[in-house]
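Step one of this worksheet: look at the structure below.
Nothing in this text is a laboratory measurement; each read-out follows from the coordinates by a stated rule. Quick caveat, the model's predicted, so the values are computed rather than measured. Backbone-built Cβ (ideal geometry, glycine too); neighbour counts: all protein chains shown.
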Amino acid sequence: MTAAEPPQPWQWPEATWREHVESVRAGRRLVPSRWPGGARAAVAISFDPDHETIPLRDGETSPGRLAQGEYGARVGAGRVLDLLAEHHVPATFFMPAVSALLHPEEAKEYASEPHEIGVHGWIHERNTLLAEQDERTLISWARDTLAEITGSVPTGIRTPSWDFSDSTLDTIRQLGFDYDSSLMADDEPYEIVAEGTPTGLVEIPVDWIRDDAPYFTMDRYGSVRPYTRPRDVLEIWIDEFDAAYRDGGVFQLTLHPHVIGHRSRLVVLRELLAHIRAHRDVWFATHADLAVAARAEATRLDTAGASS
Ligand SMILES: [Zn+2]
């Protein structure tokens, strides 16, 4: 090894690996003893209507690739909205700005009661690869564009890469977002801690387990094509919900209209919502509603701490 080469991770001093781990960390878990309305558990369903932006962000512009995304807007979105209305379930739609510009009427529906629209990047860019200023510009543009199209300013963000660059956390705090929904340190909402300091920013965690894409999507030219039977996925999500219900916590789910909107898969969402609806004491919340409840719990903990 020459002197110019950076040390390998196994050569890092303790201060180095601690610094990496501490940069963005999970702080207090923000789960009230009862959810609004006295509910035992909370359910927060989200959709990422990425549509054409998945191929576009990689510069893939062929009609075949774009058509797969177009299906989400043309077929999936309507089916999803009808199903949510049928079950009286609110949802949060994290929509890339380019997707909203391509489908403005759809974006307006997402921003209308009882639903919520949230930021999901400009063109679903790989945000962890961007320079700080570029990432900041795209998040600002994305929020302003959704606000312009829908008339309501998004308060939440889900980063397109489900990950942070070195500057993402500072950027979303400075832009005044109330919550993020991109990280995976817990099943329940928590406060993000930056370099040991609580930020006040609520994290509503996601997980690949509760995302339709890893189970159902495939790479056309890849030799490995994982596929899970939709009804097996239903079983996984019911197990996730049942445990969240027992724990008095949150069941959070991420779906994509171009993935779940297919006939054989929509069955899963229909049966899942029916299963959850069979429980009386469940609070169906948008992610913004959930962030408000989490912040109220943080305030309660602060007050309890101050008076003890
Ligand atoms: Zn996405």
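What residue among ALA296, ALA278, ALA77 shows peak mean-square fluctuation when the chain is described by a Gaussian network model with Cα springs under 10 Å?
Among ALA296, ALA278, ALA77, the largest GNM mean-square fluctuation belongs to ALA278.
Once all Cα-Cα distances of segment 1-88 are split into 10 Å bins that start at 0, what whole-number percent is in each one?
12, 19, 17, 24, 21, 7, 1
Relative to 2.2 N^0.38 Å, what does the C-alpha radius of gyration of the chain come to as a ratio? Two decimals please. Write out the running numbers ahead of the final one.
Values: Rg = 19.9 Å, N = 308, 2.2 N^0.38 = 19.4 Å.
Ratio of Cα Rg to 2.2 N^0.38 Å: 1.03.
Provide Rg and Dmax in Å for segment 87-176, with only Cα atoms included in the calculation.
Over segment 87-176's Cα set, Rg and Dmax evaluate to 12.8, 43 Å.
Using the 10 angstrom Cβ neighbour count as an exposure proxy, how do PHE216, PHE94 rank, fewest first?
Details: PHE216 20, PHE94 28.
Least crowded to most crowded, the residues run PHE216, PHE94.
Take THR137, THR168, THR145 and order them by how many other Cβ atoms sit within 10 Å, fewest up front.
Working: THR137 14, THR168 23, THR145 20.
Ranking THR137, THR168, THR145 by Cβ neighbours within 10 Å, fewest first, gives THR137, THR145, THR168.
Below 8 Å between Cα atoms, with a sequence gap of 6+, how large is the relative contact order for segment 116-246 in percent? Before the final figure, lay out the partial values.
Numbers: 161 pairs, mean separation 22.6, N = 131.
That works out to 17 percent.
Neighbour counts of other C-beta atoms within 10 Å: give me MET184, MET218, MET95 arranged from fewest to most.
Values: MET184 14, MET218 10, MET95 33.
Lowest to highest Cβ neighbour count: MET218, MET184, MET95.
List, in order, the whole-Hz ³J(HN,Hα) value for each residue of segment 24-30 obtained from phi through the Karplus relation with A = 6.51, B = -1.76, C = 1.60 and θ = phi - 60°; use x for Gly and Pro.
My calculation for segment 24-30 gives 9, 9, 7, x, 4, 7, 10 Hz in order.
In whole Å, what are the Cα extents of segment 209-269 along the three principal axes, biggest one first?
43, 22, 17
If I take every Cα pair under 8 Å that is 6 or more residues apart in segment 38-300, average their sequence separation and divide by the length, what percent do I get for the relative contact order?
Values: 480 pairs, mean separation 74.5, N = 263.
The value is 28 percent.
First measure r as the distance between the Cβ atoms of ARG246 and GLN8, then evaluate 1/(1 + (r/R0)^6) with R0 = 45 Å and state the FRET efficiency to the nearest 0.05.
Details: r = 44 Å, r/R0 = 0.98.
E(calc), rounded to 0.05, equals 0.55.
Rank TRP17, TRP35, TRP208 by mean-square fluctuation in a GNM of the chain with C-alpha springs under 10 angstrom and give only the top-ranked residue.
Answer for the Gaussian network model of the chain: TRP17.
As an exercise, use a Förster radius of 22 Å and the Cβ-Cβ distance of GLN68 and VAL224 to find the FRET efficiency, rounded to the nearest 0.05. Walk me through the numbers on the way to the answer.
Numbers: r = 19 Å, r/R0 = 0.85.
Calculated value: 0.70.
So how much slack lies between SER167 and ARG263, counting 0.36 nm per residue of separation and subtracting their Cα-Cα distance, in nm?
30.5 nm
Take every DSSP beta bridge with both residues inside the chain and express the antiparallel ones as a percent of the total, to the nearest 5.
Values: 8 of 30 bridges.
Roughly 25 percent of the DSSP beta bridges within the chain come out antiparallel.
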